[in-house]
Every structure is written in structure tokens, then in C-alpha cells.
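Here is the structure we will look at.
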Amino acid sequence: MGNGILLGDSGYPSRRYLLTPIHNPEGQAENLYNESQIRTRNVVERTFGIWKRRFPVLSVGIRCRLNLAQRIVVACAILHNIACQQNEEVSEGDDEEDQPVVYNGVENNDGGVEERETIIDYFRNMLTAGGFII
């Protein structure tokens, strides 16, 4: 994964590479973390839905070696970006915006606590500095 971070729902445990929502958030900073995590994850999930409509092989399952499956997914991502640049339609009923989402975090071995705390501290600082209107 390099220095990338995955976003998961509350069904997964927090790991150094996987940020999940806080089960019982305490305070505005943790609530803002949860809201941001969930909103970002929703964008990613909508994008996967768009990819599945555009490339049905992603819906029905890729039955090949892992290395080849990874190449197929990357090729779909590249073709999707090209289609977006060319203003190609996806399919009927699609009204979602196509947005790439990337988050790079700090790699460590503490179950995701440092990544999560870094983001929560950011929100705490914004709240203290008056950067948020809530």
C-alpha cells in the first residue's frame, strides 16, 4: 500500500492502513472526523458503482490470477478517467459526479491510532482557531 490509507466502515477494525469511524465519538473533533471519513468513503463507494456500470466485469467478478485482476482494475480506472475527460456518459440513471479521491497518511504499526489522531487534531485546531462554523 505504500503510504496510502484505506477507508472502511464500522464493520472493520481500525488498522494502520485502514481508517474506520469512531464507534462512540466524544466531542466536535471526533464527530468531524467521523463525518469526513463517512463522506469520503461514500464518494469512493459511488465511484465504484459508476465503474461497475461502466465496466460490467467489475460487477460479475474477475476470474483470473490476482496479478492480472489488479491490471484489469487499473486499466478500468485509466479508461474511466479518459472517458470522464471526454465527457462520455456512463449509463442511464447515473447522476453521480466522477471524482478521484486520494488520501496519503503516515504509516505506522499502532492499529491506525496515529492516522486517526492526526486528523482529529486537525479538526480540534480548526475548532479552536474558529475555522469551522457549526
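Of all the criteria given as (1) under 15 Å from the mean Cα position of the chain (by Cα); (2) farther than 14 Å from GLU115 by Cβ; (3) surrounded by fewer than 11 Cβ atoms within 10 Å (Cβ to Cβ), the one not satisfied by ASN3 is (2). Given the criteria in contact with a Lys or Arg (Cβ under 8 Å, 6 or more places away or on another chain) and under 14 Å from ILE119 (Cα atoms), does LEU32 qualify? Judged against the criteria, LEU32 is not a match. Mind listing just one residue for me: the one in region 102-134 that is part of a loop (DSSP other than H, G, I, E, B) and open to solvent by less than 60 Å² (accessible area, probe 1.4 Å) and, of those, modelled with the lowest pLDDT? Selected residue: ASN108. Checked against (1) outside any loop (DSSP other than H, G, I, E, B); (2) modelled with pLDDT under 90; (3) hydrophobic (A, V, I, L, M, F, W, C), LEU32 passes all but a single condition, namely (2).
The single condition from (1) part of a loop (DSSP other than H, G, I, E, B); (2) without any contact (Cβ under 8 Å) to a residue 40 or more places away in the chain; (3) open to solvent by 60 Å² or more (accessible area, probe 1.4 Å) that LEU68 fails is (1).
The values are calculated or read from the model by the stated rules, or taken from the named source; none is laboratory data. Remember, predicted model here, so these are calculated numbers, not experimental data. Note that each Cβ is placed from the backbone with ideal geometry, even for glycine, and that neighbours are counted across all protein chains shown. Surface accessibility is based on the protein's heavy atoms, side chains included, excluding ligands, DNA and RNA. Shrake-Rupley method; radii C 1.70, N 1.55, O 1.52, S 1.80 Å.
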